[in-house]
Amino acid sequence: MIPKLFLFRVKNKITGSLFPNRLAQKTATLFLTPRRFPIKDWEREAEARCERIFFGPGLSAARWWGQSDKKILIMHGWESRATQMYRLVDGLVEHGFDVIAIDAPGHGHSPGNRANPVVFSQAILEADKKWGPFYGAIGHSMGAAALAIALASGARLGRLVLISSPNNLYDVLMSFARFVGLPKKVAGLFVSQVENEVGLPARNLDVGTIFSQKNPQALIIHAKNDREVSYKNHEAIMAACPGLQSHSPESLGHRRIIQSPQIAQLIRCFYGVISQ
């Protein structure tokens, strides 16, 4: 049987030679439209324990209360939601932190059907207006990059933890274009379509550059076997900011990493609540 992805790529090669603009727009829509997946059984406990709060333009967040005024903001990744970050939340609440996890636009309980890193960052800025400044902030994947973008826009996020973060949006877009088999000309049109919606040049959304300018206290975590966001992204961030704290597990992949008790413990160490 011929793999579906192979057939999809062949179709894009043919369509791209005949209708490049149409394929570029269709691919941009695909890239910018998150899918919503059913809640997992283990998330129901997290949902039952949280307080659902709303802020900004109808956005939703889950809040788990600790016993101090130190607030931690959490931003999930693409096609994820606040409750999927709960493995990192529980230990922080036990040590007194007040944890607020956002559902990004088009994700979880928040409205909308389109999203991008800048939209994620705008939700973070709204949370900062409502509850900031934060003692710290944790982001996964696109949510990690969004923390950096929000930081550049003035968000008061404290000590940052970036997990499985892409470095540069342009590289993400070109990787996606290669994955779906876009011809070179169509790939350029696709990038332009996304930039039009995001409102900024893709190359400008660069985590390493932002961190080198803002010099935050940050811990950068990235598994070496990550197949969704290449480890090269981690290397690029660290090359731009060699003074950042770094942790690179061998085999936690892209999504298992936020379920890892070892990563949760490492984050609690970074926030000074337990010793290594």
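The values are calculated or read from the model by the stated rules, or taken from the named source; none is laboratory data. Keep in mind it's a predicted model, so treat the numbers as computed, not measured. Note that each Cβ is placed from the backbone with ideal geometry, even for glycine, and that neighbours are counted across all protein chains shown.
Structure values in brief
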quantity	calculated
Qualifying residues in segment 1-24 (those that are within 27 Å of the chain's Cα centre (by Cα) and surrounded by 12 or more Cβ atoms within 10 Å (Cβ to Cβ)) - the one nearest to Phe190 (Cα to Cα)	Ala24
Output for segment 214-227, where each listed residue is assigned to a loop (DSSP other than H, G, I, E, B) and either among the charged types (D, E, K, R) or touching an Asp or Glu at 6+ places or on another chain (Cβ under 9 Å) (or both)	His222, Ala223, Lys224, Asn225, Asp226, Arg227
Residue list for segment 43-62, restricted to those being within 20 Å of Ser121 (Cβ to Cβ) and either free of Cβ contacts under 8 Å to residues at least 40 places away in the same chain or aliphatic (A, V, I, L, M) (or both)	Ile53, Phe54, Leu59, Ala61, Ala62
Listing of helices (runs of 4 or more DSSP H) fully contained in segment 121-213 that carry 2 or more residues being among the aromatic types (Phe, Trp, Tyr) and surrounded by fewer than 23 Cβ atoms within 10 Å (Cβ to Cβ)	169-179
Top-ranked residue in segment 222-254 [being under 22 Å from Gln84 (Cα atoms), modelled with pLDDT of 95 or more and of a type in the set (D, E, K, R); ranked as surrounded by the most Cβ atoms within 10 Å (Cβ to Cβ)]	Asp226
Those residues of segment 49-83 which are closer than 14 Å to His109 by Cβ and either β-branched (Val, Ile, Thr) or not in a strand (DSSP E or B) (or both), in sequence order	Cys50, Ile53, Gly56, Pro57, Gly58, His76, Ser80, Arg81, Ala82, Thr83
Test: residue in segment 240-255 that is part of a helix (DSSP H, G or I) and within 22 Å of Ile72 (Cβ to Cβ)	no
In segment 183-213, the residues that are within 19 Å of the chain's Cα centre (by Cα) and in contact (Cβ under 8 Å) with a residue 40 or more places away in the chain	Val194, Glu197, Val198, Gly199, Leu200, Leu205, Val207, Gly208, Ile210, Phe211
Segment 241-276, subset touching a residue at least 40 places away in the same chain (Cβ under 8 Å), of a type in the set (A, V, I, L, M) and out of contact with any Lys or Arg (no Cβ under 7 Å at 6 or more places or on another chain), residue nearest to Ile210 (Cα to Cα)	Ile267
Count of segment 81-113 residues which are acidic (Asp, Glu), touching a strand residue (DSSP E or B) at 6+ places or on another chain (Cβ under 9 Å) and over 14 Å from Glu47 (Cα atoms)	1
Qualifying residue in segment 201-221 (condition: of a type in the set (S, T, N, Q), over 30 Å from Val99 (Cβ atoms) and out of contact with any Pro (no Cβ under 6 Å at 6 or more places or on another chain))	yes
Residues (surrounded by fewer than 13 Cβ atoms within 10 Å (Cβ to Cβ) and not acidic (Asp, Glu)) located in segment 55-79	Pro57, Gly58, Gln67, Ser68
Filter pass, Thr27 being among the β-branched types (Val, Ile, Thr), in contact (Cβ under 8 Å) with a residue 40 or more places away in the chain, closer than 30 Å to Asn196 by Cβ and surrounded by 12 or more Cβ atoms within 10 Å (Cβ to Cβ)	yes
